[in-house]
1. Assuming R0 = 30 Å, can you tell me the calculated FRET efficiency for the pair residue 152 and residue 37, based on Cβ-Cβ distance, to the nearest 0.05?
2. Per 0.36 nm of contour for each residue apart, how much would the distance between residue 206 and residue 222 grow if the chain were fully extended, relative to their Cα-Cα spacing?
3. From the phi angles alone, apply the Karplus equation (6.51, -1.76, 1.60; θ = phi - 60°) to region 219-226 and give each ³J(HN,Hα) in whole Hz, x where the residue is Gly or Pro.
4. Given a Förster radius of 35 Å and the C-beta distance between residue 188 and residue 110 as r, what FRET efficiency does 1/(1 + (r/R0)^6) yield to the nearest 0.05?
5. Please compute the length gained on full extension between residue 81 and residue 165, using 0.36 nm multiplied by the number of residues separating them and subtracting their Cα-Cα distance.
6. Taking 0.36 nm per intervening residue step and subtracting the Cα-Cα distance, what contour gain separates residue 231 from residue 247 on full extension?
Amino acid sequence: MKTQLMIFVLFGILITSVGSTPVFGENESIIVTTDKSSYLEGEMISISGEIKNIALGNQLSIVIQAPNGNIVALDQITVGSDKQFSTEIKLGGKLMKQEGTYTIKVTQDKNNQVTTSFEFGGVSSSNELEELDIIIDSPITATTVTVQDSTDLISYEITNGKIINIMTDMDAKSLLIDIEAWDDGSITLTIPRSVLDAKINDGDDDEFFVLVDGEEVDFEEITTSTDRTLTIEFSAGSEQIEIIGTFVIPEFGTIAAMILAVAIISIIAISAKSRLSIPSRY
């Protein structure tokens, strides 16, 4: 009887520990681990590790790929002098809906990469409907578009398609461009550096990552001191282009900030006036 009870307890411990066990990946130069082995929609995945040879570079790119191979998340981090690195990424969203095994690739340079994986439970249908209900209007003309509250204009030219909407993703430090593509085509975007940019620690330009419907694509780029112009090709039926950098304009833009400031000042003024108008009982 005691033996059966012990087996039952051990089995229960085993079941409850599934999903909370860290997952490791390692090669000769990089160690990477996640805080758990499986995750649900909306959870944060913690990715941490250590590089053994910082002489190869202190810049790391972290890419998460879906079971079908599409890139669903990307981060660029700088490793400190202690050779340790860590980052957190929220799971779910438009690109990360599929249930299954996701791959994490950590790259220090072209010849130095390590991978690990985790399980993701997928996105619920109710949340997909909620996403469809959230529409952020961006003023779009035939040649320019603005991002939310920003006054900076993004100039563009597009063939065989049109821009439906444009918004920022603060977590991914990216620009999301929803398009309708009725044939193979291309889009050229002149993006002010005040809206989106990619820099390394010494201030030099870094490369953008560009995804079309979650798949990394090549692009052409021309840079100036104030703008970065990208030409990106897309296929018929493409729906979203994501340009990932290291800085993106805050969603809470200048206009919204001014409105909030005025509202706060008004509330303070009204509160002060109300206190002054209350007669003293003594």
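1. Numbers: r = 43 Å, r/R0 = 1.43.
Approximately 0.10, to the nearest 0.05.
2. My answer for the length gained is 4.5 nm.
3. 8, 9, 9, 10, 10, 10, 5, 10
4. Using R0 = 35 Å, I get an efficiency of 0.80.
5. 26.1 nm
6. Working: separation 16, 0.36 × 16 = 5.76 nm, distance 1.96 nm.
In short, 3.8 nm is gained.
Bear in mind that the values in this text are calculations on the coordinates, not laboratory data. Since we're looking at a predicted model, the values are computed, not measured. Note that we place each Cβ from the backbone using ideal geometry, even for glycine, and neighbour counts take in every protein chain shown.
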